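The values are calculated or read from the model by the stated rules, or taken from the named source; none is laboratory data. Owing to the predicted nature of the structure, the values given are computational and were not obtained by experimental measurement. Note that we place each Cβ from the backbone using ideal geometry, even for glycine, and neighbour counts take in every protein chain shown.
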């Protein structure tokens, strides 16, 4: 142990002391009663969280590879008669879940793109370019935040049936889901705020260098907005993957339906084990995405709380 | 400073012509706003206006819509399912508030004290939130099998409790629905609270300790007041969200048994999309507007009241 | 109240909607006609049917296209539900040929939402041979024809022969009275731990089933006298039917523990062996084989017990109809398809054999019980042609097939049928999930609710 190491450790501990504390202070923690009590509580909490968060999902994974009769008779037994991959194979091949799986990806990618397009261009115009009439649009967009989604359901459906300018309905096309997804005021709010907080000197500097508005957007603003684009993307993809009511209304042809719409439709015609396998397949991608991008997810979710109204 | 004020004076006196607009970057502004204007116009602002219009019309697809005044609203008041749906929705909101508001707070407070591996706790809490709701609901439908062999009933039998009807009885159906909905959503509330808790300035706790506050004192005098904005916002957001619940009762029980889990949004869906022959878009939009007005009123009253609290 | 902009928008929507309906301008509905060929989309099978069932259907499609080279046929999965129909009508994405149940065909015809095919059907050689009362369901008030009825069914008692044997009951002797139903159900549920008997409860099928149980005891849900219809849901027979269910549920515990079953859910419940008996349409075996993996050898169909004066059996069926957006050429092609797929197997020996062969080669049931569209003689003749192909054991369905022609066949209630059924769904669910359900109050509530709808029509 060199002197440098000891010094580093002391510095770090002091920094820790000063900033890394919650309700209980460091002196609180040193008392054995508090330490023991808190640790026990935390252990119990951990076990409960595992049961709560992971338990049901583990059961689903187990049942996906268990013969149906076992799941019906003894749902909590673990492989009483061995496991059986045929449910998964049937779900993918015979029931054809693969088609809807791809559709879900298409829906998510398209919605993500439309949302990003609308949010970045609108945010840029409102927060960076700031034309004189910007406050009007700002207000109009914010106002929609206060309108509950339910109000839109019926007229939006009719709009998709008979869109202006286009000759025929958008029903059973992905556009019926992609386009309305872009009308997301929350995204615009997030992006506008972020752009508002960008240092304007950089814009002035770029302008004096001769950058026009498009150049400014593409080469300066967008690269600087990676954090907020990440947040918007996470929300967009997760919301698209989870969406049920709207896709159910506008995507009636199984060939274009995403998983969330198809699964309830085939429940009554599908053997239980195969159905559970299909459910398991549907949850794999969101969970994998979450585990890989955990920090981004959790930071975005927490952001929702830090935004005060 | 003088140059800019001179410039302002100049621009104020200079005539605004189309040319100055173009030179000032007008077309670019409009171009960037175009996606938002088109998308919002067609898929948000337009439908909102149309919703109000349709609520005073009778629509079918054979003839043009006709103006019917307040008939749709009156029909709502005569429909026996409307008070049932309102009562059920209020019941759901209340139960969801009881389970989904204080418990995540307690969990978040405990989690904020975790020294190591807080990420693990967060991930575990948030995991159910990323599972698609359709999967969650259909999965829990299996758990709720009311036969003695059903999963939950088997667990209950280990502790000596008899099999419960879960979603097969009007008395227990709504709590069962709330349980699923809470499982799927509580995690995000926990994370929001956690983020707020970890941003409480530690000096405040230090100061409270100097004043002699114990553990509970610190929570009461520092944590909760610091959390007040977040608590207030999540409360109203939760009310607005639960008032519009659709998916969980729709897929789990389809509004049954005997309409005990029929919510307002399900009723709107039924009016608009499940009438056998005639679509009742008028009643559907009328009910959705009533709900929207109620929520707007509630929010206004809420913000007035809580503003009074905030200034204390 | 309307601003000029909104009025213009409403006008525009209406104009487009009207134009869309008239000219059939739609995304995936009837596509264009080129070089004298006509393209039509047709309803094939319900979603979730087995791959084999689809193969059998597609075989028939190919045969039709060979015989009619100027017609291109595109099958789409289709299941009649109120919402699907309304939405597709609005979107203009209805298949050219699809089916609607008897309960809805007349209202749709009267509302102008189906194509008038009177002249096309008149060209068919057997146009006068239809059972006249059956044809009425496909006509509007003026007598114009809007569809061709097919697949009429009556209610029967579907039961699982294997489970009967396992419980020690004789599979050739299904129960013939409601008391026997009750005791058989109790035997089965006590011995096997499953639902001995179960009824539909949701998706409007609860009311449908309850209506059948009312008819079987001699009651009626709606009574029409002198042009005025009165809802009589609180009649003694319905009360008796509900009390019967109540006893089986709460005293005998022979109804199992899942009370949220619509048509396909109940079929699955039966197909997976969780109930041994349930009242169903007599044609349900096809769906059971196609969607729920039932083996015809284990399937039995008996008669619904009928007791009391005026008792009878609920009947229904489907009508093959043509979308109102079809052009005259598409209508003619559509009627040709309906004739080929739904009718020919009853009238022409080679067509019947071809149909049976395609079903057999794809492991579908042949010999599912039917009621006559023309008359009993024609039905017997057509069954004779395919006798060697029948793979549903005759003795399994003999109790129904032999006894049904002696039964009084009663049509479904005529006014606001689906709303009546929906309201009755809640009553059935309440009785099965709440020990203290007040049957009289619930039924009186249904009376009030549906009577209000009927009276509003008259204004």
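Within the stretch B:236-266, the set of residues being touching a residue at least 60 places away in the same chain (Cβ under 8 Å), part of a loop (DSSP other than H, G, I, E, B) and either at the interface with another protein chain (Cβ under 7 Å from one of its Cβ atoms) or over 14 Å from residue B:185 (Cβ atoms) (or both) comprises B:253, B:256, B:257, B:258, B:259, B:260, B:261, B:262, B:263. Considering the conditions (1) over 23 Å from residue C:104 (Cβ atoms); (2) part of a loop (DSSP other than H, G, I, E, B), residue C:261 is excluded by exactly one of them, (1).
In summary, helices (runs of 4 or more DSSP H) completely within the stretch B:70-130 and bearing 2 or more residues that are more than 26 Å from residue B:191 (Cα to Cα) and in contact with a strand residue (DSSP E or B) (Cβ under 8 Å, 6 or more places away or on another chain) occur at B:71-78. Please determine whether any residue of the stretch C:325-345 is touching a helix residue (DSSP H, G or I) at 6+ places or on another chain (Cβ under 8 Å) and within 22 Å of residue C:409 (Cα to Cα). Within the stretch C:325-345, none of the residues are touching a helix residue (DSSP H, G or I) at 6+ places or on another chain (Cβ under 8 Å) and within 22 Å of residue C:409 (Cα to Cα). Apart from one condition, residue A:185 fits all of (1) over 31 Å from the mean Cα position of the chain (by Cα); (2) within 14 Å of chain B (Cβ to nearest Cβ); the exception is (1). Taken together, the criteria place residue A:60 among residues that are facing another protein chain (nearest Cβ under 7 Å), in contact (Cβ under 8 Å) with a residue 12 or more places away in the chain and under 31 Å from the mean Cα position of the chain (by Cα). Against the definition (without any contact (Cβ under 8 Å) to a residue 60 or more places away in the chain and under 30 Å from residue C:297 (Cβ atoms)), how does residue C:236 come out, yes or no? For residue C:236, the condition - without any contact (Cβ under 8 Å) to a residue 60 or more places away in the chain and under 30 Å from residue C:297 (Cβ atoms) - is not met. If I filter the stretch C:116-129 down to residues being touching a strand residue (DSSP E or B) at 6+ places or on another chain (Cβ under 8 Å) and either outside the structural domain of residue C:89 (by TED's automatic domain parsing) or within 17 Å of residue C:150 (Cα to Cα) (or both), which single residue comes out as modelled with the lowest pLDDT? Only one residue fits best here, namely C:121. Within the stretch A:156-177, the residues that satisfy the criterion of being facing chain C (nearest Cβ under 8 Å) and either at positive phi or surrounded by fewer than 19 Cβ atoms within 10 Å (Cβ to Cβ) (or both) are A:164, A:167, A:172, A:173. Checked against the criteria, residue A:119 counts as within 11 Å of chain B (Cβ to nearest Cβ), under 29 Å from residue A:258 (Cβ atoms) and surrounded by 24 or more Cβ atoms within 10 Å (Cβ to Cβ). Put simply, of B:18, B:27 the only residue that is more than 7 Å from chain A (Cβ to nearest Cβ), surrounded by fewer than 16 Cβ atoms within 10 Å (Cβ to Cβ), under 25 Å from residue A:119 (Cβ atoms) and at pLDDT below 90 is B:27.
Going residue by residue through the stretch C:425-445, is there one that turns out to be exposed (fewer than 15 other Cβ atoms within 10 Å of the Cβ), under 28 Å from residue C:104 (Cβ atoms) and within 14 Å of chain B (Cβ to nearest Cβ)? Yes, that holds for at least one residue. Could you tell me whether any residue of the stretch C:333-352 is within 14 Å of another protein chain (Cβ to nearest Cβ) and touching a strand residue (DSSP E or B) at 6+ places or on another chain (Cβ under 8 Å)? Within the stretch C:333-352, not a single residue is within 14 Å of another protein chain (Cβ to nearest Cβ) and touching a strand residue (DSSP E or B) at 6+ places or on another chain (Cβ under 8 Å).
On inspection, residue A:300 passes the criterion of being modelled with pLDDT under 90, under 30 Å from residue B:33 (Cα atoms) and surrounded by 15 or more Cβ atoms within 10 Å (Cβ to Cβ).
Each row is one residue, and each column tells you yes or no for (1) under 21 Å from the mean Cα position of the chain (by Cα); (2) within 14 Å of chain B (Cβ to nearest Cβ); (3) surrounded by 15 or more Cβ atoms within 10 Å (Cβ to Cβ).
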residue	(1), (2), (3)
C:100	yes, yes, yes
C:108	yes, yes, yes
C:122	no, no, no
C:125	no, no, no
C:133	yes, no, no
C:142	no, no, no
C:149	yes, no, yes
C:199	yes, yes, yes
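Taking the stretch B:209-221 on its own, how many of its residues are in a helix (DSSP H, G or I) and either at positive phi or under 36 Å from the mean Cα position of the chain (by Cα) (or both)? Qualifying residue count for the region: 7. Applying the set (1) surrounded by fewer than 22 Cβ atoms within 10 Å (Cβ to Cβ); (2) touching a residue at least 12 places away in the same chain (Cβ under 8 Å); (3) more than 12 Å from every other protein chain (Cβ to nearest Cβ) to residue B:96 leaves exactly one unmet item: (1).
In the stretch C:34-68, of all residues being without any contact (Cβ under 8 Å) to a residue 24 or more places away in the chain and surrounded by fewer than 17 Cβ atoms within 10 Å (Cβ to Cβ), the one that is farthest from the chain's Cα centre (by Cα) corresponds to C:35. Residues in the stretch C:140-177 that are assigned to a helix (DSSP H, G or I) and closer than 12 Å to residue C:277 by Cβ: C:161, C:163, C:164. What's the number of the condition residue A:76 fails, among (1) over 30 Å from residue A:191 (Cα atoms); (2) more than 7 Å from every other protein chain (Cβ to nearest Cβ)? With respect to (1) over 30 Å from residue A:191 (Cα atoms); (2) more than 7 Å from every other protein chain (Cβ to nearest Cβ), residue A:76 is out only on (2). For the stretch A:251-284, residues that are more than 9 Å from every other protein chain (Cβ to nearest Cβ) and over 17 Å from residue A:92 (Cβ atoms) total 2. Has the stretch B:144-167 got at least one residue that is under 20 Å from residue A:275 (Cβ atoms), at the interface with chain C (Cβ under 9 Å from one of its Cβ atoms), touching a helix residue (DSSP H, G or I) at 6+ places or on another chain (Cβ under 8 Å) and part of a helix (DSSP H, G or I)? Yes.
Within the stretch C:404-418, can one find any residue that is more than 14 Å from chain B (Cβ to nearest Cβ), farther than 24 Å from residue C:224 by Cβ and surrounded by 15 or more Cβ atoms within 10 Å (Cβ to Cβ)? Among the residues of the stretch C:404-418, at least one is more than 14 Å from chain B (Cβ to nearest Cβ), farther than 24 Å from residue C:224 by Cβ and surrounded by 15 or more Cβ atoms within 10 Å (Cβ to Cβ), which makes the answer yes. Within the stretch A:95-110, the set of residues being buried (at least 16 other Cβ atoms within 10 Å of the Cβ), over 15 Å from residue A:260 (Cβ atoms) and modelled with pLDDT of 90 or more comprises just one member, A:110. Inspection of the stretch A:93-105 identifies at least one residue that is part of a helix (DSSP H, G or I) and at the interface with chain B (Cβ under 10 Å from one of its Cβ atoms). For the stretch B:54-63, the criterion of being buried (at least 18 other Cβ atoms within 10 Å of the Cβ), on the phi < 0 side of the Ramachandran plot, touching a residue at least 60 places away in the same chain (Cβ under 8 Å) and in a helix (DSSP H, G or I) is satisfied by at least one residue.
If the condition is being assigned to a helix (DSSP H, G or I) and touching a residue at least 40 places away in the same chain (Cβ under 8 Å), then the stretch A:63-92 contributes A:63, A:64, A:68, A:71, A:72, A:87, A:88, A:90, A:91, A:92.
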